[in-house]
């Protein structure tokens, strides 16, 4: 059906002014909602107040939608409409008129619509006297000029002087009782959260008036922020004279400086070959559809340069030589492992979980370094005479192990009746006699022999060899360790333990927070349950991540992942990566820094 809607407004004399438009549809909705065909914008009108429809017999009917309407002054919920029917909805009055109004296309019926909130009495309008500003003793021109001058002084002259004249700023600071930043009125919007501490001092960034913020002002605070590319020549070729503020735009809200558009990354990395850059970096445009397999940084030595980069698709070379014997399947067995600190009722066995050894850092990014004392000593005790003493040899230094053994057995031999030694009356002789000196030498010889035998048991049979690769040295190294009677004061160290190098950060240039993945079991990503060797690399492949993460385009029940989710722009290493003193633990127990990556293979 087609309805001619005639809106009536009245001029100052009370004369009606009619404006018409055609509304059509099978059902015409009346209400305050923006989707209504007959829109009545008043608080007393519901969003969908009533509907107009034509019945099968051609009759026009109005129905209220849980609202109150009035038909010819009588409340009703439903009524048939005839010519001159008066409908009241809130402050509006609608009157049904016959079709055939001039100047409009053919229509089925017409409605007049008038707002009656503030009716105008034509007679009162005629009696109202007219008075001009001049008759009232007022003038437009003088207040306008004074206001224009005041606005120009406050928001143009004063800020310009404040920005360009240091002497004016000094005088202003002394004259005003409270600090005032005159050019703050020019601010286009709120500052980012990190800049609000000096937000009233515009000269902190805008040093030169009416010029862009320079990079040197940014670098004065962000000294540790590096370039995007480590290679200086490639950085200049890729970015040229691009300013910091071209990407990091301020005055756009609290998080404005950190908003990174994925298109900025894809613009270069999606066509890096076409741009002529000489680099080994692969072309990447989307994590789901165009991202290369992960590459791992595997530590091979004690320094940051001792790193090899291996793609996870290179199965032949994807292994790590940690120098440690550690089968995950044994330690994660359901029956548990033998432990000296097993809880009562568990018969000396304790069931281990990943979190027993891999303890998360406070930041939630990675894990604390593993150490013998904190994670292994409960099960792997370094006892050498458990029937006699609870002492253990120290972990980490072969020389300290031999020194501990010699000190213990020499003390036993010289202080009391030594183990495996039968005394007659030697110890009853007075000190200083020749027989006493001989007896002391015999005790030291026994201590040395005992040390060699127990050291062989520790290093080659029972203790060290369980976790470490131990070999005998053809030419034992000598260390300055003295005992009474030693000439010269040297001890031979015939054993060499292969150093341990544990990779702490497998992907140093990727951002991954374990705390955000706590709902997922470790073994869902790291397949270590059946790993029998510490050389196995159990890092998840890109396909595992794609089970939950997709690229820039959102998908149902998936996590949209842009470049910035995993990679930092300015950082050459992972934010929150291990710092000196918190890095990987070596065989001697000393921490080392996390290895950095070569520029061409991030």
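All of the numbers you see were taken from the coordinates with simple rules; none came from a lab. Because the structure is predicted, anything quoted here is derived from the model rather than measured. FYI the Cβ positions are ideal-geometry reconstructions off the backbone, even for glycines, and counts take in every protein chain you see.
Here are some notes:
- What the Cβ-Cβ distance of residue 334 and residue 300 gives, at R0 = 35 Å and to the nearest 0.05, is a FRET efficiency of 0.55.
- Placing R0 at 35 angstrom, the Cβ-Cβ distance between residue 472 and residue 355 gives a FRET efficiency of 0.35 after rounding to 0.05.
- Sorted ascending by nearby beta carbons within 10 Å, beginning with the fewest, 36, 566, 548 become 548, 566, 36.
- Placing dummy labels 7 Å off each Cα toward the beta-carbon, the span from residue 157 to residue 530 is 8.6 nm.
- Förster radius 30 Å - calculated FRET efficiency between residue 228 and residue 201, Cβ distance, rounded to 0.05: 0.55
- Extension gain, residue 77 back to residue 362 (0.36 nm per residue minus Cα-Cα distance, nm): 96.0 nm
- 15 Å reach of a label modelled at residue 387, 7 Å along Cα-to-Cβ, counting backbone N of region 446-467: 454
- Segment residue 146-residue 208, extension gain: residue separation times 0.36 nm, minus the distance between their alpha carbons: 19.2 nm
- Extension gain from residue 319 to residue 116, taking 0.36 nm per residue of separation minus the Cα-Cα distance: 64.6 nm
- Take the Cα of residue 371, step 7 Å toward its Cβ, do the same at residue 245, and the gap between the two points is 4.9 nm.
- Between region 227-296 and region 300-376, the alpha-carbon center distance in angstrom: 36
- A simple spin-label model places pseudo-atoms 7 Å from Cα toward Cβ; at residue 452 and residue 132 they are separated by 12.7 nm.
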